[in-house]
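Any read-out appearing in this document is the output of simple, stated calculations on the displayed coordinates, not a laboratory observation. Since we're looking at a predicted model, the values are computed, not measured. Cβ sites come from the backbone with ideal geometry, for glycine too, and all protein chains shown count toward neighbours.
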Amino acid sequence: MLFRSKYNERDRGACGLFGWMSRKGRRQNGEGVIEAIANMHERGNGLGGGFAAYGIYPEWRDHYCFHVMYGNEEAKDRTEDLLGQRFEVAHQEEIPHQPHPAITNEPLLWRYFLNSRSLAEGVDTQEYVVSAVMDINAGIHEACVFSSGKNMGAFKAVGYPEDVGKFFMLDQYEAYIWTAHARFPTNSQAWWGGAHPFCLLDFSVVHNGEISSYGINRRYLETFGYKCTLFTDTEVMVYLFDLLVRKHRLPLEVACDVLAAPFWKDIDAEVDEEQKALRTALRQVYASAMVNGPFAIILGFGNGMLGLNDRIKLRPMVAAENGDELYISSEEAAIHVLCAEPERVWMPKAGQPVVGYLEDGA
Amino acid sequence: MSEIIETTSGSAPEIDNEGLARIDARGIHYRRLNELVREVVRRGARRIEIVNVNGQRYIAVGLQEKVRVDIHGVPGNDLAAFCDGAEVVVHNNAQDAVGNTLNSGRVIVHGDAGDVIGYGMRGGEIFVRGDVGYRVGIHMKEEPRRKPLLVVGGTAADFLGEYQAGGRLVVLGLTDSARRGTVVGDYCGTGMHGGALYLRGQVDPSHIATKFVALSEANEATLADLKPILKQFCELFDYDLDRILDERFWVVQPFSHKPFAGGYAANP
Amino acid sequence: MRQSLVPRRFIQVIDYEKCQRCKRCVQACGFRALSFEGRVQPDAEQECVACHYCVAHCPEEAITIIDNPLEYRPHDSWTSDIIMQTTRQAETAGVLLSGMGNDRPWGVLWDRLCLDACQVTNPPIDPLREPMELRTYLGRKPDAVEIKVGPEGKPVLATQMPPQLRLDTPVIFAPMSFGSISLNAQKSLAMAARELGTYWSTGEGGLHPDLYEYADRAIIQCASGRFGVHEDYLKAGAAVEIKIGQGAKPGIGGHLPGAKVTAAIAETRGIPEGSDALSPAPHHDIYSIEDLRQLIYALKEATEYRVPVSVKIAAVHNVAAIASGIVRAGADIVYIDGFRGGTGAATTVIRNNLGIPIEIAIAAVDQRLREEGIRNQASLIAAGSIRNSADLTKALTLGADAVAVGTAALIALGCHLCQQCHTGNCSWGICTQRPELVRRLDPAWGAERVANLIRGWTEELKEILGALGVNAVESLRGSRDRLRAVGLDDKTREILDVKAAGE
């Protein structure tokens, strides 16, 4: 079984996170980020490593790029049939990789650049893409779309991230946002689909911690048609962002208020009545979307990167700025790998997002 | 690749006439680094200077010898955990869990330190020049012959001194972040049932767990008690004592040593 | 000489060494089951029901109540209960009546469900020291919050929020009418609700003038008998509830015998003193779901959309579909009462055999509303023998927003579950209208005891949440992966959506 855990149970675990972005959209290759995440080697256990990179496919920037892993040729044939029916496949190729002694049992790894412009009028393109992803992941055995955004892609495998990075030759890609993940799942079953990041459209999430409210978060998402096929906390986190930001059109910072909801005592003490009304309504309406328990995440979203901690900061997170660069990391030391003397280093507060946006025109 | 213990520095470093040993930590795994530290201590080093540290965990864990370890670079988590006599000086920021269950000795951090600093301290001293994160000084305790001390030059985030059962926690609010807000985050002293917590500067009373503790302004006697500690802080970090005293101090003290006695009933 | 062939259930044993012949017990027994003829002794006619009032109030602790040791020859199907019921009906040709909830050994599914706890991968939380939030809002919620841009570019709420009931702990008091219980019992609950930041419910008997001051904490019921239902009453409460049915007697109306209809009850209900108060089995303006919608909106109009409208039903076989219809009909709250729910009086055969357990019902309803994408449109209250904080927590975990408690609150008031509510002789002053008995229940004393009980549960719920590593009750609500089942069959687990322990 390449993609599904043998046990039909949720993966959970602790991990290391790293994120870098250039607000000016300056791109750099993956070497530095690999080194940075490798510096937190102890936070992983070799059962999963991965990266998300934004800005890597400028020549295909208007196409949705699906990164897909297959357990067998049949899954690939069936998926390609589905893609052929629903999209115009502008280009497809194997995701380049090189043999690495520490990376074994690799699935078939393919990417597809999909043109959705041929859709009928009135069809919401993003919704159309999301349902294709859900249909493949839930419906085709041994097929897993692991990223589906534009001009971005995820690279992940069972292994330590530094090995995964070399396996995927990330020194060959240039990105203005890199996020990285070293996984330490409690469940000793290693499976490729369970590595981070988890992605949907342009959203990618790398995540540290275990979501104690997973059960209700998942059931809540299912009422909106999301199919949680991967049995991991992180999948839920991505879909919550997709629901709140894309479907419900909440600003990112407001979505963070839902996920890491402020305490009632602090809402009650709010003097700005409009803010109090908003926050009260958010907690009432999105009670089942609150993410409870320890977490730190880095979200990539196309034109920026966001770090967020749980409401009482049970997982570590450090941020730094240097010039136009924003760093977010589980440990400060990893930042120093890329930047010896950042201009500012700080510890974000519980539940308060650290957000970097691309500058206009970047 | 899993569990490779890097051994880039083959043999242990020299110890000079003054008892000083220098270790270059660049690219060394923590396990080797600590082996080197223990080795030079065994060979009689009194001072160890470690340079190019970046994220190695557990440095000086459990050291019982009265040696001084100077760290240049950002050390990893659990620095000086269970330490029992050594003096550990960090010349940069430190990460989470500094001085975890510290027994005795002293840890000095010239920058900021992360979350859960001094967890369950039994004795010894921790001085941080900058800010600290969440859950600092949790469950500090004391015995007749041991009384731990944790001094923070900047600010502390939420849950400072949660479960505090003894010892002293001091937060001085001398950094920029104190100017931007209060010196201590929310839920300060929650579950506190021993020891004392001293805060200097602006405090939001709603952040103090008044179910468990009383917040009051420090009187002359308290300030006199604090002075030796503040002097030590000033010497370590080159501050002017008068400047520190030129601001109000607050004392947070528990109402009771057994605050939870009333909440239970016997199962019939 | 006793007339009946049904033997006494209980025997009062008097320790004459201790007894000082103060006769307090003789006066105290609401059932007149003790007499004094030279010494205290069981009454020749009236029978002890084991309400323990005499036991609790004998200054010498001289009274013991024991099961009548009389044994029938054991028989697995013809149990002594059934033999006695058969005999009673042979003597009377009557429909057997009972008080309180279903007492048959159906098994309690709560007791087959284990809650999770955190170990290593996520931390438990100390509820005594760290924030732990139980605040719960009952009422319709929109599917999404709409935002507009306010001054200085700040996001501002654009959605008009429907009315909500704010509960400081996810427990309300079950509807028990003035008539089924005494005014002092109702007042105890009303005062406790205010104290606790939660709600009590009028039941179907209207709101006594003395209790209008607690109307802001009251859920005002509108049942098929429409007792005491008028515009001031409807407008007085925090919410209005249409009572369709009750777990103890689904499909059955109510009958408060004229003997219990005192002047105060008559005034509150708007009927003549001493006349039977009959609640029809159906609302005769509701013969179908669209009629329910008509009544829901009539009540919303009458209350000018300022309060949520709840619909209370008994848990029956098709409860999921019914609840879905109720939500679509416009209810803001659906109150589901399982078949172990209590009652002041019910036909025994109905009480013991009709309806389904609340565990199954709440799970099925929550799941159905989710599948239909309408779970946010109404809050769910689970009731029907919520006995302690464990049941409460498990009900929330299966998907309830809050629970309602009746029996447990009555026990706090002194009830010893003698199950003779229908007789109106309650020695404890709870289920009676006899003034000399009602007087025994001091509302201030009662309120304190009820509030104590719920405070204890509240702290226990916080402890459980802490062990589960969540610091807000909504993070447990519906989180069924925190439950495991022991000894439940596959189909039941499938409906509960709960894995077996070890899975």
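Numerical summary
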quantity	calculated
Quarter of the Cα convex hull surface for segment A:266-362, i.e. its orientation-mean projected area (nm²)	8.1 nm²
Net charge of neighbours whose Cβ lies under 11 Å from the Cβ of C:A345, counting Lys and Arg as +1 and Asp and Glu as -1	+3
Longest DSSP-loop-exposure-free segment, chymotrypsin sites (Phe, Trp or Tyr not before Pro), chain B, at most 13 other Cβ within 10 Å	B:1-254
Cα centroid separation - segment A:289-335 against segment C:378-434, whole Å	47 Å
Cβ-based exposure ranking for C:T432, C:T86, in which fewest neighbours within 10 Å come first	C:T86, C:T432
Under the Karplus curve 6.51 cos²θ - 1.76 cosθ + 1.60, θ = phi - 60°, whole-Hz ³J(HN,Hα) for segment C:239-253, x wherever Gly or Pro sits	7, 10, 10, 8, 8, 8, x, 9, x, 6, 8, x, x, 10, x
Isotropically averaged projected area of the protein assembly as shown, using the convex hull of Cα atoms (one quarter of hull area), nm²	53.1 nm²
Per-selection metrics, segment C:345-501 (Cα): Rg and Dmax in Å	18.3, 53
Radius of gyration and Dmax over the Cα atoms of chain C, both given in Å	23.9, 89
Helix C:389-398 axis, angle to chain C major axis (alpha carbon atoms, nearest 10°)	40 degrees
Least to most buried among A:L83, C:L211 (fewest other Cβ within 10 Å first)	A:L83, C:L211
Surrounding net charge for C:G150, when Lys and Arg each add one and Asp and Glu each subtract one, Cβ distance under 12 Å	-2
Cα gyration tensor shape of segment C:1-131, rounded if a/c is under 1.5, else prolate or oblate by comparing a/b with b/c	oblate
Alpha-carbon centroids, segment C:38-109 and segment B:112-155: separation in whole Å	65 Å
Most positive-pole-ward Cα, B:L199, B:S104, B:L245, against dipole of chain B from beta carbon charges	B:S104
About the Cα centre, charge dipole magnitude for chain C (Lys/Arg +1, Asp/Glu -1 at Cβ), debye	300 debye
C-alpha long axis of helix C:289-302 to longest principal axis of chain C, angle in °	80 degrees
Degrees between helix C:319-328 axis and first principal axis of chain C (Cα, 0 to 90, nearest 10)	50 degrees
Separation of alpha-carbon centers, segment C:279-296 and segment C:447-489, rounded to whole Å	35 Å
Cleavage-rule hits, trypsin sites (Lys or Arg not before Pro), segment C:1-95, DSSP coil, Cβ neighbours within 10 Å at most 11	C:R2, C:R39
Segment C:55-140: chymotrypsin sites (Phe, Trp or Tyr not before Pro) in DSSP loop, at most 15 other beta carbons within 10 Å	C:Y72, C:W78, C:W106
Selected from B:G118, B:L160, B:M140, residue furthest toward positive end of dipole (chain B; charges at beta carbon)	B:M140
Out-of-range pairs (alpha-carbon distance over 27 Å; input B:K66/B:K147; A:K265/B:K141; A:K313/B:K147; C:K154/C:K235; B:K147/B:K211)	A:K265/B:K141; A:K313/B:K147; C:K154/C:K235
Furthest towards positive pole of dipole, C:G344, C:P162, C:P272, structure part chain C, Cβ charges	C:P272
Loop-exposed GluC sites (Glu not before Pro) per DSSP, neighbour cap 11 Cβ within 10 angstrom, longest uninterrupted part of chain B	B:19-268
Pairwise FRET efficiency - C:D143 versus A:A138, Cβ, R0 = 30 Å, nearest 0.05	0.85
Radius of gyration and maximum dimension Dmax of segment A:59-194, Cα, Å	15.4, 49
For C:124-130, mean number of other protein chain Cβ atoms within 10 Å	6
Cα-Cα P(r), segment C:413-474, percent of pairs per 10 Å interval	20, 33, 21, 18, 8, 0
Calculated SAXS-style log₁₀ I(q)/I(0) at q = 0.10, 0.16, 0.21 Å⁻¹ - segment B:112-259, Debye, Cα scatterers	-0.28, -0.75, -1.40
Cα-centre dipole for chain A with unit charges at Cβ (Lys and Arg positive, Asp and Glu negative), debye to 20	760 debye
nm² value of the averaged projected area, convex hull over the Cα atoms of chain B	17.7 nm²
Mean ellipticity per residue at 222 nm, deg cm²/dmol - from DSSP H runs of n ≥ 4 across chain B, formula -39500 (n - 2.57)	-4500 deg cm²/dmol
Prolate/oblate/rounded label for chain A (Cα gyration tensor, a/c 1.5)	rounded
Pairwise label distance in nanometres, C:E372 with C:D285, each label 7 Å out on the Cα-Cβ vector	2.3 nm
Shape call, segment C:96-155: gyration tensor on alpha carbons, a/c limit 1.5	oblate
Qualifying trypsin sites (Lys or Arg not before Pro) in segment A:26-135, DSSP loop, other Cβ atoms within 10 Å at most 13	A:R61, A:R117
Principal axes of segment B:174-217: Cα extent on each, largest first, Å	31, 17, 15
Least to most buried among C:C114, B:C83 (fewest other Cβ within 10 Å first)	C:C114, B:C83
